[in-house]
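Engineer: Sharing a structure, written as structure tokens. Questions coming.
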Amino acid sequence: MNKPRILVVGAGPVGVVAALACARNGFTVTLLEAESRVDDSPRAATTHPATLEMIERLGLIEPFIAQGLVARYFYFWDRPALTRIAEFDHDLLRGETKFPFVVQTEQHKLANMGLARLREYPESDIRFQTRVTTVRQDANTVTATAEGPDGIEDFRVDYLIGADGGRSTIRKSIDIEFDGYTWPERFLIFTVTDDFRQILDCCYRNYFADPQEWVNLFKVAGDDGKGRWRVCFPAQIDEPDEHALSDEAIHGRIQRAFPKNGPYDLVHRNLYKTHQRVAAKFRVGRIFLAGDAAHVNNPIGGLGLNCGIHDAMELADTLHQFITGGADESLLDRYERRRRTTNIEFVQEATIANKKRLAESDPEVRRTNRDELRARSEDPVRHKEFLMRTSLIESVRKAQLIP
Ligand SMILES: Cc1cc2nc3c(=O)[nH]c(=O)nc-3n(C[C@H](O)[C@H](O)[C@H](O)COP(=O)(O)OP(=O)(O)OC[C@H]3O[C@@H](n4cnc5c(N)ncnc54)[C@H](O)[C@@H]3O)c2cc1C
């Protein structure tokens, strides 16, 4: 019997993980990426314990940890008072997971290490500068048409995974709605080389509530391993891009939040639109959606990519079970039942709540939020319950129970 052929569209971290997981399951994999290289702009880094368990299953955990930073704690702060409200310690998850910590590894590193491993499978076909333009399917196959360096080519396979990001061509070509909304304010991300531990008694992941301007502050290793800090602010709703990204506005913003003598050493700046959207379907026939192609959310809490990786692993396992186990087609819908439900009930809800908590302007609600976070961190049972949710262990276990 010929090996099942899987086409993965998009070599972002989710597409690469899906492709590698499928190759490990014995499928013949083709991976098509529109750009000439993996995108290394600063996006996801925070990788939660449940996701680390999956990265271990892929055989990548050692390089993944080696190229990142282990972040045992995360802190909540009140920005106007510059006071630490609550500290959470993943070590309480010892016994629940082999990885009682978060790892801060930039997403392009995961994509690149996954690609290197995928190249070890002689039948895998990886093509850059190859953009899928349309897809069609019949009862037995899916065909994707792509434009590459040598012209237009058709790829006929058994199943297709659309991991082509938030603007997914695959999602659009099969007419799936992307329901939800876009936040009116964009998110600013600045990267500096200054060591925030010299400026503030912080840890590697910090969330600052402020009705005027909340902040997220976290550390990544950087490509040179020397360490970089990323600072994320909301832009003002009516603030022009040129102003938000100007040197003057950026340095003013960071200095107002974290004053220090002398200018910050700014090495990267970016402005993102953020959305809360979930595709109306994750599967149509032989075509599946995963990662940002299926769902997008604001980055507070670091959940988007983590959940995309969970999609990729669940999908590779479902296809394997379906193809090798001779199950009927309804098994394929389990992917949507598990992953779409988890996204709506957990990821969307949690990220919207995270943003609301940081931006809350009512003084009474702000006080209640502070008291609640403090009480939760001081009670070991509630502290651990909270970590079980933020670490995604609870949502993964719950999803596994969906038949
Ligand atoms: C500022 C910021 C911080 C974030 N922080 C975190 C975090 O800490 N933790 C977390 O879990 N998430 C985080 N996220 C979210 C995370 O970055 C995304 O969820 C993640 O990039 C999704 O990966 P993906 O592979 O699904 O999509 P993408 O990374 O968008 O990759 C899609 C790929 O498909 C390719 N492609 C597109 N169209 C085609 C086509 N037609 N043919 C072929 N290829 C195509 C693209 O070129 C791209 O390489 C953050 C996001 C932002 C903006």
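Engineer: Share of antiparallel DSSP beta bridges in the chain, in percent to the nearest 5?
Structural biologist: In the chain, DSSP labels about 75 percent of beta bridges as antiparallel.
Engineer: Let me ask something additional. Work out the length of the dipole vector of the chain about its Cα centre, built from +1 on the beta-carbon of each Lys and Arg and -1 on the beta-carbon of each Asp and Glu, and round it to the nearest 20 debye.
Structural biologist: In total the dipole reaches around 620 debye.
Engineer: Gain in length, D247 to E385, computed as 0.36 nm per residue apart minus the alpha-carbon separation, to one decimal in nm?
Structural biologist: 45.4 nm
Engineer: Students often forget the sequence filter, so: which lysines lie under 25 Å Cα-Cα from K109 once same-chain residues fewer than 8 apart are removed?
Structural biologist: Answer for K109, where 25 Å is the Cα cut-off: K98, K219, K226, K273, listed by chain and number.
Engineer: Hey, how many Å between the Cα centroid of the stretch 12-72 and the Cα centroid of the stretch 183-252?
Structural biologist: Between the Cα centre of the stretch 12-72 and that of the stretch 183-252, the gap is 25 Å.
Engineer: Can you find, among S377, T141, L332, the residue sitting farthest towards the positive end of the charge dipole of the chain, where Lys and Arg contribute +1 and Asp and Glu -1 at Cβ?
Structural biologist: Of S377, T141, L332, it is S377.
Engineer: Run the quick spin-label model on A359 and K172: label points 7 Å from Cα toward the beta carbon, then report their separation in nm to one decimal.
Structural biologist: Between A359 and K172, the simple spin-label model gives 2.7 nm.
Engineer: In nanometres, what is the gap between the two model label sites at T143 and E329, each 7 Å from Cα along Cα-to-Cβ?
Structural biologist: 2.0
Engineer: Need the full-extension length gain, D238 to D39, defined as separation in residues times 0.36 nm minus the C-alpha distance. One decimal, nm.
Structural biologist: 68.8 nm
Engineer: Which of these, C203, C307, C232, has the largest mean-square fluctuation under a Gaussian network model of the chain (Cα springs below 10 Å)?
Structural biologist: Top of the fluctuation ranking is C203.
Engineer: Helices from the chain with mean Kyte-Doolittle at least -0.5 and a Cα length along the axis of 27 Å or more, per DSSP H: which?
Structural biologist: Once both thresholds are applied, what remains is 304-325.
Engineer: Determine, for K355, K98, K281, the number of other Cβ atoms within 10 Å of each Cβ, and report the residues in order from fewest to most.
Structural biologist: Details: K355 22, K98 12, K281 17.
Listing K355, K98, K281 from fewest to most nearby Cβ atoms yields K98, K281, K355.
Engineer: Still on this model: Return the whole-Å distance between the Cα centroid of the stretch 305-337 and the Cα centroid of the stretch 375-403.
Structural biologist: 24
Engineer: Gain in length, N2 to R57, computed as 0.36 nm per residue apart minus the alpha-carbon separation, to one decimal in nm?
Structural biologist: Extending this stretch completely gives an extra 17.3 nm.
Engineer: May I pose another question? Taking the simple approach of a point 7 Å from Cα along Cα-to-Cβ for both R156 and D91, what is their distance in nm?
Structural biologist: With each label point 7 Å from Cα toward Cβ, the separation is 6.0 nm.
Each reported figure results from applying straightforward, stated rules to the coordinates on display, with no laboratory input. Every value quoted in this text rests on a predicted model; they were computed, and no experiment measured them. Note that each Cβ is placed from the backbone with ideal geometry, even for glycine, and that neighbours are counted across all protein chains shown.
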